[in-house]
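Report on one structure; see the data block that follows.
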Amino acid sequence: MASNPRAFPTATAVGAPAAAPASTSAALDELLAGNRRYATGRARRGRVPAQRPFAVVLDCVDSRVLPELVFDQDLGALLCIRTAGQVLDEAVLASIQYGVTELRVPLVVVLGHEGCGAVAATLGRLRTGAPVPGHLELLVEEIAPAARRTGALPGDWAAHTVRAHAVWVRDAIRADSAFAGAAVVAARLDPDSGLVTLLP
Ligand SMILES: [Zn+2]
């Protein structure tokens, strides 16, 4: 979520990869070149032979928060659903249900992270009242309740909001009878230390 610096000001100030393509056409060329390596067996990682996920991970689209890296799992081991600020919508719920019901995945992890740009945008919206562009308003609507509940707490408002929002998403999934067969937990990631901590 670093593509709109106005809406996502400081929290996603992560340096771009050194070899990041400089233009749209270069970006597409890089993707297609990578696909040719993949298809011809010259990729850095091989193909995933079978889909056998043992956990569903709902997390943010932040490019630092890749579940397979964070949890050190093979490709194919996790069913990953990613939305900015790990907000819920019907497509997300349907995707979780696909994992839990069809693939019989027993565990759902809701993973928030410190330094989340979607949370920063939400807090900025609440502080200033200024609208956020277009579809980003959905993120604000979904994250604002957690921000409002934690606004009076001492300490880092953004950190409180990250935790409260992840717990809210967890509880919303837990309360849905469609997922009664799975355990649902919430956690937060500190991208600096790499540590994931379960949330009560
Ligand atoms: Zn994020």
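The values are calculated or read from the model by the stated rules, or taken from the named source; none is laboratory data. Small disclaimer: the values here were computed from a predicted structure and weren't measured. With ideal geometry, Cβ positions are generated from the backbone for all residues, glycine too; neighbour counts draw on all protein chains shown. In case anyone asks, the SASA skips ligands and DNA or RNA and just uses the protein heavy atoms, side chains included. Shrake-Rupley method; radii C 1.70, N 1.55, O 1.52, S 1.80 Å.
Structural remarks
- Residue match in segment 143-154 (condition: free of Cβ contacts under 8 Å to residues at least 60 places away in the same chain and either under 15 Å from the mean Cα position of the chain (by Cα) or within 21 Å of PRO53 (Cβ to Cβ) (or both)): yes
- The residues in segment 138-186 that are of a type outside the set (A, V, I, L, M, F, W, C) and over 28 Å from GLY99 (Cα atoms) can be counted, and the count is 8.
- For TYR38, the stated conditions hold: it is outside the structural domain of ALA146 (by TED's automatic domain parsing), out of contact with any helix residue (DSSP H, G or I) (no Cβ under 8 Å at 6 or more places or on another chain) and open to solvent by 70 Å² or more (accessible area, probe 1.4 Å).
- Odd one out for ALA178 among (1) at negative phi; (2) open to solvent by 40 Å² or more (accessible area, probe 1.4 Å): (2)
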